[in-house]
Amino acid sequence: MTSTDVQKMTWAEVRARRLRRHGLATPFTGSGPADVVAAMAGTHAQVMSAAELAIGLRLGHATRSDVRAALWDEHSLVKTYGPRGTVHLLPTRDLGMWIGALSAAASVPTTFPPHVRLTPDQAEEVVAAIGDALADDMLTIDELGDEVIGRTGPWAGDLVMPAFQGMWPRWRQVMHLAGMRGALCFGPNRGRKVTYTNPRRWLPEFRPADTEPALAWAVRSYLHAYGPSTPRRFANWLSLSVPRASEIFDALGDELRRVEVEGTPALVADGDAEAPPEAHGGVRLLPYFDGYSYRVGVQCPEQLYPGRAAERVLPGAFQNLVVDGVVTGLWHQRRSGRRLDITVEPLVPLTAAQRAELDEQAERVAMILEGTPRVTIGTVAVGAHA
């Protein structure tokens, strides 16, 4: 392509595109939680209440109960280990494609020291044991550990992994791998205890897709949600090597189209180079990890975290105050019964209209979390979420 053939975009247009694609400019209508999660190419769910809020904000009248129903009653969502080996909600309808793609990413070398690591054969043995143990059951972590050790050997139970002021057994280092292979997913809590099961218990027809078609599908899904982007950013998002990601992009050939965002080359799917006007995106209170999802792999952080936000918000996993697609502060909520005390720390002055919209957004947050809000403008004294 010559430079005149390449579509030019501004960062403001990219932000407007992102707000629209993620249901943050206007909530999705006629959609359910699984549609929102598909539009986001997965929803980070390390903190489940944050995932419930992230999905609810993108729907017109949903609450956390709707997300829970999608997970545990309808099974239109599944909670498992997704991109980068982190806990995500994924649409059940796409699970085969996800597992096909994640299985390729799951071969990233371990960072554990040699005396902790499982050998490749041991790792495969543990993953198989996890899948077998959960095939007809729903187990807590301790119950699953007993089953895995019984199926493999005492070496799997060696307490060698430092974790939370204690030590975890060796087998747990590949729990994420079991999820990314489709052998494990989360079940509903048993009281305060997390449970795990095999997704095939709910989805008897589930089969992982072949790797290459699944990776091509992952690129298309990623570019729809996060484009324009590059192979390097896709590699960071899915946890692939950059050369491998480049191979996948190259194989798509004419399916991709080059654009330039204020001089920076990037790619979108052919026919999907929508550049909406610099529309008003409104005031949004994004929950934990949603801020990361909002920015990942799309553009330089300085385009989303200008000024003081680069120092105050960007380094930690804070909840983000977003105004017109730009992070302009942080916030925190504390629950006491039904009351939800929301503290917002703007890093730039808010107009009267933005302050009113902030109150509306707090009402929406409280509705999703099924509480009653009380908003305070002040300093967020708690640290970032670990």
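Could you list, ordered by first residue, the pairs with Cβ atoms under 8 Å in which the first is in segment 119-131 and over 9 Å from residue 174 (Cβ atoms) and assigned by TED's automatic domain parsing to the domain that holds residue 196 and the second is of a type in the set (Ser, Thr, Tyr) and outside any helix (DSSP H, G or I), at least 6 apart or interchain?
Qualifying pairs under 8 Å: 125/152; 129/152.
Hey, among 235, 163, 218, which residue is in contact (Cβ under 8 Å) with a residue 40 or more places away in the chain and either assigned by TED's automatic domain parsing to the domain that holds residue 77 or under 15 Å from residue 83 (Cα atoms) (or both)?
Working: 235 fails: in contact (Cβ under 8 Å) with a residue 40 or more places away in the chain; 163 fails: in contact (Cβ under 8 Å) with a residue 40 or more places away in the chain.
The unique qualifying residue is 218.
Within segment 23-35, is even one residue within 30 Å of residue 110 (Cα to Cα) and touching a Pro at 6+ places or on another chain (Cβ under 6 Å)?
Applying the first criterion (within 30 Å of residue 110 (Cα to Cα)) to segment 23-35 yields none.
Scanning segment 23-35, I find no residue that is within 30 Å of residue 110 (Cα to Cα) and touching a Pro at 6+ places or on another chain (Cβ under 6 Å), so the answer is no.
Determine if segment 166-176 includes at least one residue that is of a type in the set (Phe, Trp, Tyr), part of a loop (DSSP other than H, G, I, E, B) and surrounded by fewer than 20 Cβ atoms within 10 Å (Cβ to Cβ).
The initial filter retains those residues of segment 166-176 that are of a type in the set (Phe, Trp, Tyr), namely 168, 171.
From what is left, the residues that are part of a loop (DSSP other than H, G, I, E, B) are none.
Looking through segment 166-176, none of the residues is of a type in the set (Phe, Trp, Tyr), part of a loop (DSSP other than H, G, I, E, B) and surrounded by fewer than 20 Cβ atoms within 10 Å (Cβ to Cβ).
Of all residues in segment 20-34, how many are in contact (Cβ under 8 Å) with a residue 40 or more places away in the chain and either within 30 Å of residue 186 (Cβ to Cβ) or within 11 Å of the chain's Cα centre (by Cα) (or both)?
Going residue by residue through segment 20-34, those that are in contact (Cβ under 8 Å) with a residue 40 or more places away in the chain are 20-22, 24-25, 32-34.
Within this subset, residues satisfying the condition of being either within 30 Å of residue 186 (Cβ to Cβ) or within 11 Å of the chain's Cα centre (by Cα) (or both) are 21-22, 24, 32-34.
So the answer is 6.
For segment 3-16, does any single residue satisfy the condition of being in contact with a helix residue (DSSP H, G or I) (Cβ under 8 Å, 6 or more places away or on another chain) and free of Cβ contacts under 8 Å to residues at least 24 places away in the same chain?
Checked segment 3-16: no residue is in contact with a helix residue (DSSP H, G or I) (Cβ under 8 Å, 6 or more places away or on another chain) and free of Cβ contacts under 8 Å to residues at least 24 places away in the same chain.
Just need a number here: residues in segment 304-323 that are part of a loop (DSSP other than H, G, I, E, B) and either modelled with pLDDT under 85 or under 20 Å from residue 18 (Cβ atoms) (or both).
Residues of segment 304-323 that are part of a loop (DSSP other than H, G, I, E, B), as a first pass: 305-308, 313-318.
Applying the additional criterion that residues be either modelled with pLDDT under 85 or under 20 Å from residue 18 (Cβ atoms) (or both) yields 305-307, 313-318.
Number of matching residues: 9.
Can you tell me which condition residue 46 does not meet? The list is (1) over 17 Å from the mean Cα position of the chain (by Cα); (2) polar (S, T, N, Q); (3) part of a loop (DSSP other than H, G, I, E, B), and all the others hold.
Residue 46 satisfies every listed condition except (1).
Which residues, taken from segment 96-154, are among the hydroxyl-bearing types (Ser, Thr, Tyr) and at pLDDT below 95? Don't jump to the end; show me each part of the working.
The initial filter retains those residues of segment 96-154 that are among the hydroxyl-bearing types (Ser, Thr, Tyr), namely 103, 107, 110-111, 119, 140, 152.
103, 107, 110, 111, 119 - these are the residues of segment 96-154 that are among the hydroxyl-bearing types (Ser, Thr, Tyr) and at pLDDT below 95.
What pairs come out if I take residues in segment 331-355 that are under 17 Å from residue 366 (Cα atoms) and in the same structural domain as residue 367 (by TED's automatic domain parsing) and pair them with residues that are of a type in the set (Asp, Glu) and in a strand (DSSP E or B) whose C-beta lies under 9 Å away, six or more apart or interchain?
Going by the 9 Å Cβ cut-off, the qualifying pairs are 331/345; 332/341; 332/345; 333/341; 334/341; 335/341.
Across segment 208-239, which residue is nearest to residue 258 (Cα to Cα) among those that are modelled with pLDDT of 95 or more and among the charged types (D, E, K, R)?
Result: 220.
Output the residues belonging to segment 49-90 that are in a strand (DSSP E or B) and in contact with a Pro (Cβ under 9 Å, 6 or more places away or on another chain). Outline the logic, then answer.
Residues of segment 49-90 that are in a strand (DSSP E or B), as a first pass: 59, 77-81, 87-90.
Of everything in segment 49-90, those that are in a strand (DSSP E or B) and in contact with a Pro (Cβ under 9 Å, 6 or more places away or on another chain) turn out to be 59, 77, 78, 80, 89.
When you go through 16, 101, 62, 69 one by one, which is the residue that is out of contact with any strand residue (DSSP E or B) (no Cβ under 7 Å at 6 or more places or on another chain) and farther than 29 Å from residue 274 by Cα? Full working, then the answer.
On the way: 16 fails: farther than 29 Å from residue 274 by Cα; 101 fails: farther than 29 Å from residue 274 by Cα; 62 fails: farther than 29 Å from residue 274 by Cα.
Testing whether each residue is out of contact with any strand residue (DSSP E or B) (no Cβ under 7 Å at 6 or more places or on another chain) and farther than 29 Å from residue 274 by Cα leaves just 69.
Suppose the filter is in a helix (DSSP H, G or I), in contact (Cβ under 8 Å) with a residue 24 or more places away in the chain and outside the structural domain of residue 364 (by TED's automatic domain parsing); does residue 150 pass it? Outline the logic, then answer.
Working: in a helix (DSSP H, G or I): yes; in contact (Cβ under 8 Å) with a residue 24 or more places away in the chain: no; outside the structural domain of residue 364 (by TED's automatic domain parsing): yes.
So residue 150 does not fit the description; no.
From the set of residues in segment 232-269 that are out of contact with any helix residue (DSSP H, G or I) (no Cβ under 7 Å at 6 or more places or on another chain) and of a type in the set (Val, Ile, Thr), which is surrounded by the most Cβ atoms within 10 Å (Cβ to Cβ)?
Among those residues, the one meeting the criterion is 259.
Restricting to segment 324-347, name every residue that is within 17 Å of residue 281 (Cα to Cα), acidic (Asp, Glu) and in a strand (DSSP E or B).
none
The values are calculated or read from the model by the stated rules, or taken from the named source; none is laboratory data. Note that this is a predicted model, so its numbers are computed, not measured. Neighbour counts are summed over all protein chains in view; Cβ atoms, including those assigned to glycine, are modelled from backbone coordinates with ideal geometry.
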